[in-house]
Amino acid sequence: MPNGVGLFSAALILAIMIIPYAASLGTTMLRMVPASLKEGAYALGATRWEVLRKVIIPYSKSGLFAGILLSLGRAIGETMAVTMLIGNANFLPKSIFAPGNTMASVIANEFTEADNPVYVSALIEMGLFLFW
C-alpha cells in the first residue's frame, strides 16, 4: 500500500530543494567569465559551442566544482526534510520505493531517546563518521 514515504520521495524532494541552489551557483560562475575572453574567441572565428566548450567551461571549472560541493553540503544538511519523508525503517530497503533510513535521520530521531552513555556515544560516533 503506497503511502508516499520512502527513498524515492525523499530523493525527489531533496533534488527539488537543491537544484535551484546549484543552478544559481552555476549560472553565477558562468557569468563571471570576462567578456574580453569570449569576444576574443568570437573574433578568432569560434562558434557559440566552441566558446562555451573551450573558453567558458575551462575558465569557470573550479567555480563550478566548488558550486557542486556546496550543493552536496547543502543536501547533507537537509536532514529534517529527509527524516520526515524517508520512512525511518531500520532495515535494508528492498526497492527504491520502500522506506529506509540515513545516518543523519537516525541521529535526529534517536538522540532525544538516548538514555545510556554507550547509546549517546554511538550516535556521536555516527555523526563523526558523517564528517569524515
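The values are calculated or read from the model by the stated rules, or taken from the named source; none is laboratory data. All values reported here derive from a predicted model rather than from experimental measurement. Using ideal geometry, Cβ is built from the backbone for each residue, glycine included, and neighbour counts are taken over all protein chains shown.
Scanning the range 91-123 for residues that are more than 23 Å from the chain's Cα centre (by Cα) and closer than 16 Å to Val5 by Cβ, which turns out modelled with the highest pLDDT?
Going residue by residue through the range 91-123, those that are more than 23 Å from the chain's Cα centre (by Cα) are 91, 94, 110-122.
Among the residues that remain, those that are also closer than 16 Å to Val5 by Cβ are: 91, 94.
Details: Phe91: 85, Lys94: 88.
The residue in question is Lys94.
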>> Show the residue pairs meeting these rules: Cβ distance below 6 Å; 6+ apart or different chains; first residue within the range 113-130 and farther than 14 Å from Met103 by Cα; second residue aliphatic (A, V, I, L, M) and part of a helix (DSSP H, G or I).
In response: Ala114/Val120; Ala114/Leu123
>> Yes or no: the range 30-46 includes at least one residue that is polar (S, T, N, Q) and modelled with pLDDT of 95 or more.
In response: yes
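For residues that are hydroxyl-bearing (Ser, Thr, Tyr) and touching a residue at least 24 places away in the same chain (Cβ under 8 Å), scanning just the range 5-27, find the one that is farthest from Ile76 (Cα to Cα).
In the first step, residues of the range 5-27 are kept if they are hydroxyl-bearing (Ser, Thr, Tyr); the result is 9, 21, 24, 27.
After this cut, where a residue has to be touching a residue at least 24 places away in the same chain (Cβ under 8 Å) as well, the list is 9, 21.
Numbers: Ser9: 16, Tyr21: 14 Å.
Step by step, filter the range 5-27, then rank; the result is Ser9.
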> Among all residue pairs at least 6 apart or on different chains, which show Cβ distances below 7 Å where the first residue, located in the range 69-95, is under 17 Å from Leu12 (Cβ atoms) and the second is hydrophobic (A, V, I, L, M, F, W, C) and part of a loop (DSSP other than H, G, I, E, B)?
Replying inline: Leu85/Val5; Ile86/Val5; Gly87/Val5
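Based on this model, can you work out whether Phe97 counts as part of a loop (DSSP other than H, G, I, E, B) and under 30 Å from Ala23 (Cα atoms)?
Details: part of a loop (DSSP other than H, G, I, E, B): yes; under 30 Å from Ala23 (Cα atoms): yes.
For Phe97, the condition - part of a loop (DSSP other than H, G, I, E, B) and under 30 Å from Ala23 (Cα atoms) - is met.
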> Can you tell me which residues in the range 62-87 are crowded, with 18+ Cβ neighbours inside 10 Å and part of a loop (DSSP other than H, G, I, E, B)?
Replying inline: Ile86
>> Out of the helices (runs of 4 or more DSSP H) lying entirely within the range 1-61, which hold 3 or more residues that are in contact with a strand residue (DSSP E or B) (Cβ under 9 Å, 6 or more places away or on another chain), surrounded by 11 or more Cβ atoms within 10 Å (Cβ to Cβ) and of a type outside the set (A, V, I, L, M)?
In response: none
>> Give all pairs with beta carbons closer than 8 Å in which a residue from the range 33-45 that is over 11 Å from Ile56 (Cβ atoms) meets a residue that is of a type outside the set (Gly, Ala, Ser) and surrounded by 14 or more Cβ atoms within 10 Å (Cβ to Cβ); count only pairs at least 6 apart in sequence or on separate chains.
In response: Tyr42/Val51
